[in-house]
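Notes follow the structure.
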Protein chains: 6
Amino acid sequence: MYSVTVSGHVFIAHSLKNEAFGPAARLHGATLLLEAEFSRPELDERNTVIDIAEAGRILREIAQTLDYRNLDELDVFKGKLTTIEYLASYIHGEFGKRLAGRFGGTLKVTLRESPQAWASYAASLRA
Amino acid sequence: MYSVTVSGHVFIAHSLKNEAFGPAARLHGATLLLEAEFSRPELDERNTVIDIAEAGRILREIAQTLDYRNLDELDVFKGKLTTIEYLASYIHGEFGKRLAGRFGGTLKVTLRESPQAWASYAASLRA
Amino acid sequence: MYSVTVSGHVFIAHSLKNEAFGPAARLHGATLLLEAEFSRPELDERNTVIDIAEAGRILREIAQTLDYRNLDELDVFKGKLTTIEYLASYIHGEFGKRLAGRFGGTLKVTLRESPQAWASYAASLRA
Amino acid sequence: MYSVTVSGHVFIAHSLKNEAFGPAARLHGATLLLEAEFSRPELDERNTVIDIAEAGRILREIAQTLDYRNLDELDVFKGKLTTIEYLASYIHGEFGKRLAGRFGGTLKVTLRESPQAWASYAASLRA
Amino acid sequence: MYSVTVSGHVFIAHSLKNEAFGPAARLHGATLLLEAEFSRPELDERNTVIDIAEAGRILREIAQTLDYRNLDELDVFKGKLTTIEYLASYIHGEFGKRLAGRFGGTLKVTLRESPQAWASYAASLRA
Amino acid sequence: MYSVTVSGHVFIAHSLKNEAFGPAARLHGATLLLEAEFSRPELDERNTVIDIAEAGRILREIAQTLDYRNLDELDVFKGKLTTIEYLASYIHGEFGKRLAGRFGGTLKVTLRESPQAWASYAASLRA
């Protein structure tokens, strides 16, 4: 199995409005380090898993829709608890839309909120 | 598949009393960076894999039983070769005891002894 | 010259309300990695620059006043542009209050907002 | 499942002679951080996945065949596009030759070319 | 004293044509992680040391003149031994040209060629 | 001012036998990441601050006298509190002996015991 990973980051504000989250229920923020890992069993004719420059462009494009934003104010997250595991799956979905039919394999999205905590979501994409 | 990881560290002394380990057979020590990665296929109703604050508390509780200790003197490791892969499985077992019946999924414990070497143990836990 | 550094982190939201900051003028957030480096020319009778456990406790105490907060809503930052270089000097001041007369030397506070950008403030404290 | 990882690095020059690679088609270079992760379901009688010192020696031996080299001039890469995913599989093959019959399990080789991009190749080796 | 640092990286090939450099005399390459740290005693009216976005833009502009290049073929390095300490001072000079009269203070440029070795050059720039 | 830094690590056991150190008074251990930063105002005729390969060799030579050791049993530390700031100055002294008359400038030795704590000692060496 081959994989290629590209990374970036976003600065976001949000609140987790449920008392179970303790202080994280207050409006606060985080630098989220994003990693998108693409895996598939074979290389293409250029010896690549995916066009790494294209993968990076899509990562930055998705990042720009979140960067320097208060997630509580974005329609797409209305009524959602924007935990990092949920956000990992959201970003996975955004990759899916933009890569539709162009990458077949597994995509794993990882979000690191601090050196002490991170989350990921992995699922298949169809070529 | 979703995952969440929390991390910490412990300062331990130990010796690997078998000539195969060369200089590591002498009493020495290490800073072990601990990572506990919890994975399962679905999020719960709070959009989480596990209560990250609770996972962190358990990690610190387990860490405290080892931190600033000479493992050679702990009963639990009598006659054991405390390699980092063995210690990863030991810490996995400690999580299993403390989470019994409360987390169903895969737990992977990683121990980093230096930027050049690390080990892990992964196995299922039953809810 | 000897130095000792302790580190931690806080999750904060804020906005830099001045058009010069572009998208950072919007409400967003960051994980700020905090480092406090204490320096002085000689060690004390215990071969330390400062009691490292005490330094860590003060760092966490200061961090708690900011962690999981929207800085825009704190009185202490009313009308201030809370850039990371400004926040570094603010945290330096908080250390100064708490260490008054107990540490003589230089304190350098560093705040890392991402792997690509960080800031610091260094100044003397009097024993 | 248990795993042990050892790491190192090499300084190489190369060019990716295909217009699809944009500026990477020019002769340039990279520091490649190498990680070799060995996994298997059980520990041996010494509580190890593999002799970590031996794994490190083999990593350095393989690294030396590439370190401070222009890959474009090595016979083994003639006519090949030496992408990092391809190089990960090449290094995997070199481990396979040197470990033949001595390690049974999965080997995953990861190559990091920058903090923003890395690749890996994983496949089984037979004891 | 206040400071702000921005970072980036370049992929370069080069050779150090002097037998004292051993294997580094051969054509090889490196990923150079670049850090530019700007320091001055006071903040400006926006609570900044320097416009961090502008500093990042200049860093990328300078990086682009070196990225994906064989330094041995660039006129500016003809007959020069392009050690990382020399390259740090070269990049410092490029910042000086682009910032002429716009930043007064100290600029320190750091180049990391691996996790095990890095170099820097620091000198004043006049506003 | 130019600088070059080389790094390595050692695995040590020790105890800080003074009640002020709390749990660190017990026998425990640490992975100490070592950094040796050499600084001077000018480059030599090879555009270097110091022969980086030679600096690395000396670092490894010093590291070997401590690696996989219980510092409490070494004569050189008899009756000493081996804090990381003290050990930084000890390693500085070892460099001084080995470089006597061969490097003039400042040497700063940094020891990182965890991602949350590190120490350093800096002083001049005479050529």
Checking D:T31, D:T82 in turn, the sole residue that is of a type outside the set (D, E, K, R), within 13 Å of chain E (Cβ to nearest Cβ) and under 28 Å from B:L111 (Cβ atoms) turns out to be D:T31
May I ask you to verify whether F:Y121 is within 14 Å of chain B (Cβ to nearest Cβ), open to solvent by 40 Å² or more (accessible area, probe 1.4 Å) and either among the acidic types (D, E) or in contact (Cβ under 8 Å) with a residue 12 or more places away in the chain (or both)? no
Within the range C:4-19, is there a residue that is under 27 Å from A:L16 (Cβ atoms), open to solvent by less than 10 Å² (accessible area, probe 1.4 Å) and polar (S, T, N, Q)? yes
Residues satisfying the stated conditions in the range C:55-76, i.e. within 14 Å of chain A (Cβ to nearest Cβ) and touching a Phe, Trp or Tyr at 6+ places or on another chain (Cβ under 8 Å): C:D67, C:Y68, C:L71
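Kindly indicate whether C:G22 is within 22 Å of C:G93 (Cα to Cα) and surrounded by fewer than 23 Cβ atoms within 10 Å (Cβ to Cβ).
Answer is no for this residue.
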Across the range F:76-90, the tally of residues that are hydroxyl-bearing (S, T, Y), without any contact (Cβ under 8 Å) to a residue 60 or more places away in the chain and either in contact with a Cys (Cβ under 7 Å, 6 or more places away or on another chain) or open to solvent by less than 20 Å² (accessible area, probe 1.4 Å) (or both) stands at 0
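Let's see how each residue does on (1) among the charged types (D, E, K, R); (2) at pLDDT below 95; (3) part of a loop (DSSP other than H, G, I, E, B):
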| site | (1), (2), (3) |
| --- | --- |
| D:A20 | no, yes, no |
| D:G29 | no, no, no |
| D:G101 | no, yes, yes |
| D:L111 | no, no, no |
Per the filter on the range D:1-54, residues β-branched (V, I, T), in contact with a Phe, Trp or Tyr (Cβ under 6 Å, 6 or more places away or on another chain) and under 30 Å from B:S124 (Cβ atoms) are D:V4, D:T5, D:V49, D:I50
Would a scan of the range B:39-57 turn up a residue that is closer than 17 Å to B:W118 by Cβ and open to solvent by 20 Å² or more (accessible area, probe 1.4 Å)? no
Pairs, first acidic (D, E) in the range F:91-111, second open to solvent by 10 Å² or more (accessible area, probe 1.4 Å), C-beta under 8 Å, six or more apart: F:E94/F:T65
Which condition from (1) closer than 29 Å to B:G56 by Cα; (2) more than 12 Å from every other protein chain (Cβ to nearest Cβ); (3) surrounded by fewer than 19 Cβ atoms within 10 Å (Cβ to Cβ) is the one that A:P115 breaks? (2)
All but one of (1) in a helix (DSSP H, G or I); (2) at positive phi hold for B:A88; which doesn't? (2)
Among the candidates E:R98, E:R60, which residue alone is open to solvent by 50 Å² or more (accessible area, probe 1.4 Å) and over 12 Å from the mean Cα position of the chain (by Cα)? E:R98
Selection within the range C:1-28 - more than 13 Å from chain A (Cβ to nearest Cβ) and of a type in the set (V, I, T): C:V4, C:T5, C:V6
How many of the residues making up the range A:45-78 are outside any helix (DSSP H, G or I) and at pLDDT below 95? 1
Taking the conditions exactly as written (in contact (Cβ under 8 Å) with a residue 12 or more places away in the chain and over 18 Å from A:T48 (Cα atoms)), does D:S39 satisfy them or not? yes
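The values are calculated or read from the model by the stated rules, or taken from the named source; none is laboratory data. All values derive from a computational prediction rather than experimental measurement. Glycine gets a Cβ as well: all are built from the backbone with ideal geometry, and neighbour counts include every protein chain shown. Only protein heavy atoms, including side chains, enter the accessible area calculation; ligands, DNA and RNA are left aside. Shrake-Rupley method; radii C 1.70, N 1.55, O 1.52, S 1.80 Å.
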